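Enquirer: Structure below; questions to follow.
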Amino acid sequence: MPRDVRIRDVTTMKNVLSYPPPWQDAPTLCAHLCISEGTLDNWVRQGILPPAKMRGGKRMWEWSEVDRCMRGEPGIVPEQNLAQKVFHATRQAAHR
């Protein structure tokens, strides 16, 4: 296949598919955030990222929510109560 045909096909695909994808599974989200799945789970528990939504038996994140959380916009992740924050902080300290 000539090189110019492949480039044109990729360009067409970029026009069709949004980037980053509006919904992402754990491996895709981790790749976009440059983190491991363990870090992803920790960040969700700590309230840094929103919890996943189950879609077809798969954990999925909406990129727009993740992006707002990473920017520090309020109201995306439900506030944890003080007892939950102390519990998670104590657990983390014990594993160090």
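Read-outs throughout are calculated quantities, based only on the coordinates presented, and are distinct from any laboratory measurement. The model shown is predicted, which means the values in this text are computed figures rather than measured ones. We place every Cβ from the backbone using ideal geometry, glycine too, and count neighbours over all the protein chains shown.
Enquirer: Give the order of Glu62, Glu37 when sorted by the count of other beta carbons within 10 angstrom, beginning with the fewest.
Expert: Glu37, Glu62
Enquirer: Arg68 versus Ser36, label points 7 Å from Cα toward the beta carbon: distance in nm?
Expert: Rounded to a tenth, the inter-label distance reads 3.1 nm.
Enquirer: Please order His32, His95 by the number of other Cβ within 10 Å, starting at the fewest.
Expert: Neighbour counts put them in this order, fewest first: His95, His32.
Enquirer: With r as the distance between the Cβ atoms of Lys58 and Arg96 and R0 = 41 Å, compute the FRET efficiency 1/(1 + (r/R0)^6) and round to 0.05.
Expert: Approximately 0.80, to the nearest 0.05.
Enquirer: Let me ask another. List the trypsin sites (Lys or Arg not before Pro) within region 26-56 that DSSP assigns to loop and that have no more than 15 neighbouring Cβ atoms inside 10 Å.
Expert: Answer by residue number: there is no such site.
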